[in-house]
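In what follows, a structure is listed as structure tokens, so that the remarks can point back to it.
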There are 2 protein chains.
Amino acid sequence: MPLEYDVLESSAQTDAYPTRDPEKETWRERVDPTVWQDWTDQAPISRGQADAFDRDGFLVLEDLFSTDEIAALVSQAAELRSALEGSDAAEVVTEPGSDAVRTVFNLETRHDLMARLSRDVRLAGIAQFLLNDEVYIHQSRLNYKPGFTGKEFYWHSDFETWHAEDGMPRMRAVSASLLLTDNRAHNGALMLMPGSHKTFVSCQGETPDANYETSLKTQKIGTPSQESLRDLAQMHGITDAEGPAGTLVLFDCNTIHGSNGNITPDPRSNAFFVYNAVSNALADPFAAEEPRPDHLAHRGTPSPIKLRTGALV
Amino acid sequence: MPLEYDVLESSAQTDAYPTRDPEKETWRERVDPTVWQDWTDQAPISRGQADAFDRDGFLVLEDLFSTDEIAALVSQAAELRSALEGSDAAEVVTEPGSDAVRTVFNLETRHDLMARLSRDVRLAGIAQFLLNDEVYIHQSRLNYKPGFTGKEFYWHSDFETWHAEDGMPRMRAVSASLLLTDNRAHNGALMLMPGSHKTFVSCQGETPDANYETSLKTQKIGTPSQESLRDLAQMHGITDAEGPAGTLVLFDCNTIHGSNGNITPDPRSNAFFVYNAVSNALADPFAAEEPRPDHLAHRGTPSPIKLRTGALV
């Protein structure tokens, strides 16, 4: 079957990060930069911050937003969740056995203030600088994890899934999570392994059809083995992204992260935007039959974000 | 039925902490002291530590044990777990779907070093001071919570269960947990609500027969409502009992505590001894038909611990 052979070879040539080998897990060196340009005094973050992002694969920034801006975002996020209670839209995920809204995808299309936030120079401008390109939104969502019963989310690299199931070619995307509640280690704050973004863990296993239907709740395919995670944690340690509401957590697409469950009364919520470089727009999935739905991964010709400056409200 | 009426009345008269009302939850003031005697310079802890225990209902003490003592305890705990792998003894609890040992009850009867530890002045001597009485072991166990898959344990007061199901009359018991691994908020360290020990949350609900068979895994009866927990956390905050292996966590029998699940690779383990005042020996259960088995609550005439001083090894 020469045609199939050709296709496979051609696809292999363009795949910088092969993954989901049914037989084995492997570690590969990252072939892409993390910060795609040299720092200058025109950059929207300090030289120290750029160096830290390059080294650690994340940055935790406090005091970027005013009290008024945070209050407006928090109250409008709550309104959005109430308005969508019981919705059966694919972009809205509710708690099992309840109408309470846990996740709202396509956040910037549902709400003017969130649209404004998604274009803000404090998020999208930093992403442009880090990626040295115009950016567009690959995925966005409002997350809400309740107190008392918040479930854990297991360790993974986002890029592994975006590459395998969405067709994101290279590591040239960054996530921005703006905290809408106080996050502490004991209420399930994001945990990151600093420096883990420099290694691509090519995961073992084949992608099942419509994997996303279960992987958004409990990810089983596309996660490193316990042995790899133990080694990575030993090499890199684990940092808790703690901070008050208003803290911005920026992390590289390949930084290994996860979060514990939460029995405290305090919920966790954030507005989450993934910025991808326009030059890194999606191809066909590298390790799945069909691409995931559009609300999980925006396909087609990307429209670059026009940055906005000034206060949100 | 005058006899039954008499029995009920007599039991009600001696019950300082009624609980498990099927109709309602109530808050009652603690009628017992926390520290049962005035501090003197003969005490095994400082005045500041005694005051903190009285105020908060717990103490976290580092550097009480030498590196050699901790190393011996850690290695012998691991040996004990290996030796009991796959055991079907009632005092040994294994991981669901595995032979790995999660809990070993009656710890001091299974191992000389653990017996020695249980009598050590650094544990039992502090308990004697706090309770102003001779003490005996109400319950003891070795706990081991694996990494990656460690499950949460929900908020509760131990005394509520010990009173309802074991017949412990008054709040005159203290738990000593000696950490055998590093404990951090993000690997599920014990969380305590400082000051919560001054309130008795009389829980709603009836005790099912053999409640302990499931409550040791997931406690449903004998836990405060979410509303109470939210109020208590608001009033008191939540403290993480963090520390390296060798840290001793002492907490009052009525301090509200719990622990989150743990997806980090780092397991948590501790040697756990509950010291009860000899004058507070168990009566019939206050809110259960039958007392729990002896490995969960030692019944009969208590034999006071003879304190031991000096190094463990």
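The values are calculated or read from the model by the stated rules, or taken from the named source; none is laboratory data. The structure displayed is predicted, hence computed values, not measured ones. Using ideal geometry, Cβ is built from the backbone for each residue, glycine included, and neighbour counts are taken over all protein chains shown. These area figures cover heavy atoms from the full protein model, side chains too; ligands, DNA and RNA do not enter into them. Shrake-Rupley method; radii C 1.70, N 1.55, O 1.52, S 1.80 Å.
Annotations
- Any hit, the range B:151-158, residues being closer than 30 Å to B:Leu73 by Cα, away from every other protein chain (no Cβ under 14 Å) and modelled with pLDDT of 95 or more: yes
- Inter-residue pairs, beta-carbon under 6 Å, first under 17 Å from B:Ser140 (Cα atoms) and within 14 Å of another protein chain (Cβ to nearest Cβ) and in the range B:261-281, second open to solvent by 10 Å² or more (accessible area, probe 1.4 Å) and modelled with pLDDT under 95, 6+ apart: B:Arg268/B:Lys145
- Residue match in the range A:162-178 (condition: within 14 Å of another protein chain (Cβ to nearest Cβ), farther than 19 Å from A:Ala241 by Cα and either assigned to a loop (DSSP other than H, G, I, E, B) or over 15 Å from the mean Cα position of the chain (by Cα) (or both)): no
- Just one of the listed residues (B:Ile238, B:Ile221) is farther than 29 Å from A:Leu192 by Cα and of a type in the set (A, V, I, L, M), and it is B:Ile221.
- Residue that is over 20 Å from A:Ala287 (Cα atoms), more than 10 Å from chain B (Cβ to nearest Cβ), among the hydroxyl-bearing types (Ser, Thr, Tyr) and in a loop (DSSP other than H, G, I, E, B), where the choices are A:Thr181, A:Thr207, A:Thr218: A:Thr181
- Applying the set (1) over 23 Å from B:Arg20 (Cβ atoms); (2) more than 15 Å from the chain's Cα centre (by Cα); (3) modelled with pLDDT of 95 or more to B:Ala271 leaves exactly one unmet item: (2).
- Within the range B:240-260, the residues that satisfy the criterion of being assigned to a strand (DSSP E or B), under 16 Å from the mean Cα position of the chain (by Cα) and more than 9 Å from chain A (Cβ to nearest Cβ) are B:Leu248, B:Val249, B:Leu250, B:Phe251, B:Asp252, B:His257.
- When residues in the range B:187-204 are screened for being within 12 Å of chain A (Cβ to nearest Cβ), open to solvent by less than 10 Å² (accessible area, probe 1.4 Å), over 18 Å from B:Val93 (Cβ atoms) and of a type outside the set (S, T, N, Q), 4 of them pass.
- A search for C-beta distances below 8 Å between a residue of the range B:49-72 that is at positive phi and any residue that is open to solvent by less than 20 Å² (accessible area, probe 1.4 Å) and part of a helix (DSSP H, G or I), counting only pairs 6+ apart in sequence or on different chains, returns B:Gly57/B:Ser196; B:Gly57/B:His197.
- Residues of the range B:43-97 satisfying the condition of being within 22 Å of the chain's Cα centre (by Cα), more than 24 Å from B:Ile238 (Cα to Cα) and of a type in the set (Asp, Glu): B:Glu91, B:Glu95
- Subset of the range B:221-239 [over 11 Å from B:Gly258 (Cβ atoms), within 11 Å of another protein chain (Cβ to nearest Cβ), in contact (Cβ under 8 Å) with a residue 12 or more places away in the chain and not in a loop (DSSP other than H, G, I, E, B)]: B:Ser228, B:Leu232, B:Thr239
- Some residue of the range B:130-151 being under 23 Å from B:His295 (Cα atoms) and of a type in the set (Gly, Ala, Ser): yes
- A single member of B:Asp112, B:Asp158 is free of Cβ contacts under 8 Å to residues at least 40 places away in the same chain and either under 27 Å from B:Arg308 (Cβ atoms) or within 17 Å of the chain's Cα centre (by Cα) (or both), and it is B:Asp112.
- Test: A:Arg184 is touching a strand residue (DSSP E or B) at 6+ places or on another chain (Cβ under 6 Å) and of a type in the set (Lys, Arg): no
- One residue stands out in the range A:248-283 among those that are closer than 23 Å to A:Ser75 by Cα and among the aromatic types (Phe, Trp, Tyr): the one that is least open to solvent (accessible area, probe 1.4 Å), namely A:Phe273.
- Output for the range B:222-238, where each listed residue is of a type outside the set (Gly, Ala, Ser) and crowded, with 21+ Cβ neighbours inside 10 Å: B:Thr223, B:Pro224, B:Leu229, B:Leu232, B:Ile238
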